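The block underneath contains the structure these notes are about, expressed in structure tokens.
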Amino acid sequence: MGNIKTAMVVLWFMVTLVVAFSSSVLKNKVQGLERRLAVINGNIQQDIADIHVLKAQWSMNNSPDRLRKLAAEQLSLENAKPEQIINYSALHFNYESNEQTRIVKTDKKSLTTLVKAEVKKN
């Protein structure tokens, strides 16, 4: 009987040590995961702040007034002249048959001649 009681005490002592060690390891893992979660949440908050800044910059850079000013400074655009505008129905196209589709072809010389004719007509 004495040996059984001693064996039971030793067994319970060993179980207690295993449980204590396991809970200590688990506690350290949880703390590590909590620190990692805090870092990730901090990164998310920083990313959200960066997105707000980028949206503000995007709005500022794409404002119509700014784009109009940049276009005037950087591009040499002129207003369209009447001779540059032609009626689409006046274009003469050469059609070339293909088995499945019809391909429309036109050449630059024909368009130039057509534009000059349209200008003279008007």
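The values are calculated or read from the model by the stated rules, or taken from the named source; none is laboratory data. Quick caveat: nothing in here was measured; it's all calculated off a predicted structure. Cβ coordinates were reconstructed from backbone atoms using ideal geometry, including for glycine residues, and neighbour counts include every protein chain displayed.
Would you say residue 59 is surrounded by 10 or more Cβ atoms within 10 Å (Cβ to Cβ) and out of contact with any Leu (no Cβ under 8 Å at 6 or more places or on another chain)? When the stated conditions are applied, residue 59 does not pass them. Pairs meeting the criteria (first residue in the stretch 32-58 and in a helix (DSSP H, G or I), second residue surrounded by 10 or more Cβ atoms within 10 Å (Cβ to Cβ) and of a type in the set (A, V, I, L, M), beta carbons under 8 Å, at least 6 apart or on different chains) are lacking. If you go through the stretch 80-94 one residue at a time, do you hit one that is of a type in the set (Ser, Thr, Tyr) and either surrounded by 10 or more Cβ atoms within 10 Å (Cβ to Cβ) or not assigned by TED's automatic domain parsing to the domain that holds residue 112 (or both)? Within the stretch 80-94, none of the residues are of a type in the set (Ser, Thr, Tyr) and either surrounded by 10 or more Cβ atoms within 10 Å (Cβ to Cβ) or not assigned by TED's automatic domain parsing to the domain that holds residue 112 (or both).
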